[in-house]
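Here's the structure we're looking at; comments come further down.
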There are 2 protein chains.
Amino acid sequence: MNTENLAHVAPAGRGPLEKFFAVIPAGGVGTRLWPLSRAAAPKFLHDLTGSGSTLIRATYDRLEPISGNRILLVTGEAHRDAVCRQLPELADDDLVLESEPKDSGAAIGLAAAILFTRDPETIMGSFAADQVISPDEKFQEAVREAIYTAATGKIVTIGIKPTHPSTGFGYIKMGAALEIEGAPHACDVAEFVEKPSEEVAEKYLESGAYSWNAGMFVAPVELMLRHLKANEPLLYDGLMEIALAWDTPERVAVKKRVWPTLPKIAIDYAVAEPAAAAGDVAMIPADFSWDDVGDFAAIARLSSAKEVKDVKVIGESPRVFTEDSTGIVVTDTKRVIALIGIQDVVVVDTPDALLVTTRAHAQLVKKAVDGLKLNGDLDVL
Amino acid sequence: MNTENLAHVAPAGRGPLEKFFAVIPAGGVGTRLWPLSRAAAPKFLHDLTGSGSTLIRATYDRLEPISGNRILLVTGEAHRDAVCRQLPELADDDLVLESEPKDSGAAIGLAAAILFTRDPETIMGSFAADQVISPDEKFQEAVREAIYTAATGKIVTIGIKPTHPSTGFGYIKMGAALEIEGAPHACDVAEFVEKPSEEVAEKYLESGAYSWNAGMFVAPVELMLRHLKANEPLLYDGLMEIALAWDTPERVAVKKRVWPTLPKIAIDYAVAEPAAAAGDVAMIPADFSWDDVGDFAAIARLSSAKEVKDVKVIGESPRVFTEDSTGIVVTDTKRVIALIGIQDVVVVDTPDALLVTTRAHAQLVKKAVDGLKLNGDLDVL
């Protein structure tokens, strides 16, 4: 199928910002945040930082000043009700429900295909539902620059200025400036690099030439689909078939038939890397603070929740007593929790599962999930 | 009132063992075992060591081979049902319920007075309901020697051979041997000493002349009451008034009227110390293992419960996952508990309260109870 056949006549005279449509992929269980985050209540449905908003709500509110209500959300069918409670303004046509997880290639690709069938001139921007960003204004400035840059025919990634030599993120090496109107910071991408060693990460930090790859990008949907078609034609065909049926009575039937047949592949391999090789990728370096809230140590760091002596306490109505202790307590029960003489502890208290670990071991929480899976303790996963 | 007026004619030809009646004072909340042990479910109602028996049941079973069913139990009114479930064979006349706590002088004194009115030749033995002892046979041998010694007109304490220089117990210095038939180890008491410093405790341990004072004693009820009358005449009068009404229809009314008026004093001050000064106290040195299960570190030490890797797990149906962790988990919930990379931790999980501490800080748990009391969190105390 040729995407050009689908091109409608676009309304004349629109600037790049008017063509923008935000996409929020809301997937991933957040295994390292078990037992708070779990299959039935993933990370993005929680207020992990005591901000008063769940992560998905905060993501929507951060995009809305740029996109208005032009926001498409992709998530699992199981989360439909919870997501609609969080985002009551979301139109039914803009909620894409996956009957089973098919990785980011299918999720973001379907968003691109749906937006393309509605308006082939659309510039999409993809922003995960489970990240913490501050301040919103700096984020919005970077996205606006990315939209102007995308309008010149680029897939534009937003690079985050590193604050420490993280070994948990991929990096982007900045290339030459691009001099685009409305995007003074836009530049070429010299290189994408995978998660580095600590030594290498320190060199990156010192050099000032590297940004964290936060997985955020802005691109014309037509360009996205062109690369997808070239690299993953089967995936492309399936996604276009669903997209063409999306705004018709056939939506459910076609999705039900086609979705399970789609190959699983990450959007990085299906689109971003081949596009970079073809010279189609640019970046906007940005220096807002950004965190993917990967573990409880991150929550301890990011949370603005009140401290009971030296212990951060996150919960709706926590009853926590501490004596000579440091660390973090996350609770969604009404139990009394007492910490006595324990340092750097992480306590996560839910009605059916309790985690006790330390900040230093927070990354290992997924081992508990793996172990419980082996044990057959599926009720708490 | 003169105790001699109450003396019945004793059956002829009974040996000391036939005159024995055991008394189990079951009091004390066990604050340092919160939230497992608490006002509504004190220490003695728990199986703290994974033995399969609650401490009170184990205490009864340890005495029964010596005393048969001649066992009197003193506890708070609130624990009546729980105690009766644990000890269904206990006769109603042998269950002494305190309407309010009045310290050990009143509790043990009332037991002595009731037993005296029934049979003034009775030799009583008092053994707290919340201690762990092993092996039972060595304990029973020591109690038999104590009974023979008591029959010569002594208050006989059982001293425990120290296994480490504890600063948490009082000590008894052994005096000259007494050469009593049936009690080859009986000896005088040279000195009672209060909880020592660590340095002093080490000297005691080296010398071999000191035993731990475990608060266990065996004595003729008549001798107990004689000292009580001399030292605490008001307490004595009140207790005798209740005792005389005990096996009559007036029991409840008299207890209700008199008990609240009784002075609060420990049995050590009311009887044991004055008796020692009068040369009326002897001891049996014993070397069974003994522990008052004072905190969760003691539970970790004593428990025969299964280990999940290096973590002791105590609970009826625990679901515990551990990874690179050491310590102890005590649970009376069905929650999944995961420990990741945390050392020497103590986790106590109950439906309405959770404690997280370390073995080294186990003695400080009462601070949590004090703090929660100040906070007004009375529902979990």
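The values are calculated or read from the model by the stated rules, or taken from the named source; none is laboratory data. In this text, all values refer to a predicted model and were calculated from it rather than measured experimentally. A quick note on method: Cβ atoms are made from the backbone with ideal geometry, for glycine too, and the neighbour counts reach across all protein chains shown.
Counting only residues that are of a type outside the set (S, T, Y) and under 25 Å from A:D295 (Cβ atoms), give me the strands (runs of 3 or more DSSP E) lying completely in segment A:115-218 with at least 1 of them.
A:132-134, A:155-160, A:171-177, A:187-193
Exactly one condition in (1) of a type in the set (A, V, I, L, M); (2) over 29 Å from the mean Cα position of the chain (by Cα); (3) assigned to a strand (DSSP E or B) is false for A:I342; which is it?
In the conditions (1) of a type in the set (A, V, I, L, M); (2) over 29 Å from the mean Cα position of the chain (by Cα); (3) assigned to a strand (DSSP E or B), A:I342 misses (3) alone.
Kindly indicate whether any position in segment B:56-67 is touching a strand residue (DSSP E or B) at 6+ places or on another chain (Cβ under 6 Å), within 14 Å of another protein chain (Cβ to nearest Cβ) and among the aliphatic types (A, V, I, L, M).
no
Among the residues that make up segment A:259-268, is at least one of them of a type in the set (V, I, T) and farther than 23 Å from A:E191 by Cα?
yes
Output the number of residues of segment A:67-84 satisfying the condition of being more than 30 Å from A:L17 (Cβ to Cβ) and of a type in the set (K, R).
1
Tell me which residues, restricted to segment B:351-362, are within 30 Å of A:K373 (Cβ to Cβ) and either under 25 Å from the mean Cα position of the chain (by Cα) or facing another protein chain (nearest Cβ under 7 Å) (or both).
B:D352, B:A353, B:L354, B:L355, B:V356, B:T357, B:T358
Under 7 Å between Cβ atoms, which residue pairs at least 6 apart in sequence (or on different chains) link something in segment B:235-248 that is farther than 13 Å from B:P260 by Cα with a partner that is surrounded by 19 or more Cβ atoms within 10 Å (Cβ to Cβ) and polar (S, T, N, Q)?
B:A243/B:T117; B:L244/B:T117; B:W246/B:T117
Return a yes/no flag: does segment B:201-215 have any residue that is in contact with a Ser or Thr (Cβ under 6 Å, 6 or more places away or on another chain) and not polar (S, T, N, Q).
Yes, there is a match, as at least one residue in segment B:201-215 is in contact with a Ser or Thr (Cβ under 6 Å, 6 or more places away or on another chain) and not polar (S, T, N, Q).
If you check B:V320 against the conditions, is it within 16 Å of A:L355 (Cβ to Cβ) and either within 11 Å of another protein chain (Cβ to nearest Cβ) or in contact with a helix residue (DSSP H, G or I) (Cβ under 9 Å, 6 or more places away or on another chain) (or both)?
When the stated conditions are applied, B:V320 passes them.
Please go through segment A:190-237 and pick out each residue that is more than 26 Å from A:F20 (Cβ to Cβ) and of a type in the set (G, A, S).
A:A190, A:S197, A:A201, A:S207, A:G208, A:A209 - these are the residues of segment A:190-237 that are more than 26 Å from A:F20 (Cβ to Cβ) and of a type in the set (G, A, S).
Inside segment B:283-298, can you point out the residues that are of a type outside the set (G, A, S) and surrounded by fewer than 17 Cβ atoms within 10 Å (Cβ to Cβ)?
B:D287
Can we say A:D332 is touching a residue at least 12 places away in the same chain (Cβ under 8 Å), surrounded by fewer than 24 Cβ atoms within 10 Å (Cβ to Cβ) and at the interface with another protein chain (Cβ under 9 Å from one of its Cβ atoms)?
The answer is no for A:D332.
Listed here are the residues, each with its yes/no results for (1) within 12 Å of another protein chain (Cβ to nearest Cβ); (2) of a type in the set (A, V, I, L, M); (3) farther than 28 Å from B:H361 by Cα.
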position: A:L262; (1), (2), (3): no, yes, yes
position: A:G279; (1), (2), (3): no, no, yes
position: A:P285; (1), (2), (3): no, no, yes
position: A:I299; (1), (2), (3): no, yes, no
position: A:K309; (1), (2), (3): yes, no, no
position: A:I342; (1), (2), (3): yes, yes, no
position: A:N375; (1), (2), (3): yes, no, yes
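Being surrounded by 19 or more Cβ atoms within 10 Å (Cβ to Cβ), of a type outside the set (S, T, N, Q) and at pLDDT below 95, is that true of even one residue in segment A:61-70?
No, segment A:61-70 contains no residue that is surrounded by 19 or more Cβ atoms within 10 Å (Cβ to Cβ), of a type outside the set (S, T, N, Q) and at pLDDT below 95.
Which ranges mark the helices (runs of 4 or more DSSP H) fully within segment B:242-316 that have 1 or more residues being not assigned by TED's automatic domain parsing to the domain that holds B:K43?
B:296-302
Pick from segment B:350-362 the residues that are part of a strand (DSSP E or B) and in contact (Cβ under 8 Å) with a residue 24 or more places away in the chain: which of them is surrounded by the fewest Cβ atoms within 10 Å (Cβ to Cβ)?
For segment B:350-362, the residue satisfying everything is B:T358.
Before we move on, is B:V347 without any contact (Cβ under 8 Å) to a residue 40 or more places away in the chain, part of a strand (DSSP E or B) and either of a type in the set (S, T, N, Q) or within 14 Å of chain A (Cβ to nearest Cβ) (or both)?
yes
A:V365: assigned to a strand (DSSP E or B) and either at the interface with chain B (Cβ under 9 Å from one of its Cβ atoms) or not basic (K, R) (or both), yes or no?
Working: assigned to a strand (DSSP E or B): no; either at the interface with chain B (Cβ under 9 Å from one of its Cβ atoms) or not basic (K, R) (or both): yes.
In short, no.
Can you find even one residue in segment B:213-221 that is of a type in the set (A, V, I, L, M, F, W, C), surrounded by fewer than 21 Cβ atoms within 10 Å (Cβ to Cβ) and in the same structural domain as B:A91 (by TED's automatic domain parsing)?
no
I'm checking my understanding of the structure. Among residues of segment A:283-311 that are touching a strand residue (DSSP E or B) at 6+ places or on another chain (Cβ under 6 Å) and acidic (D, E), which one is modelled with the highest pLDDT?
A:D291
Would segment A:228-237 turn up any residue that is under 30 Å from A:S134 (Cβ atoms), in contact with a Lys or Arg (Cβ under 8 Å, 6 or more places away or on another chain) and not acidic (D, E)?
No, the conditions are met nowhere in segment A:228-237.
Does A:D280 satisfy the condition of being modelled with pLDDT of 90 or more, under 24 Å from the mean Cα position of the chain (by Cα), within 30 Å of A:R226 (Cα to Cα) and surrounded by fewer than 22 Cβ atoms within 10 Å (Cβ to Cβ)?
Taking the combined requirement at face value, the residue satisfies it.
Condition first: assigned to a helix (DSSP H, G or I) and more than 17 Å from B:M240 (Cβ to Cβ). Now tell me which residues in segment B:94-114 satisfy that.
Matches in segment B:94-114: B:D94, B:D103, B:S104.
In the set A:A214, A:A177, A:A186, A:A219, which member is modelled with pLDDT of 95 or more, touching a Phe, Trp or Tyr at 6+ places or on another chain (Cβ under 8 Å) and on the phi < 0 side of the Ramachandran plot?
A:A186
Any idea which of B:D93, B:D81 is more than 16 Å from B:A39 (Cβ to Cβ), surrounded by fewer than 19 Cβ atoms within 10 Å (Cβ to Cβ) and of a type outside the set (A, V, I, L, M, F, W, C)?
Just a single option satisfies the conditions, and that option is B:D93.
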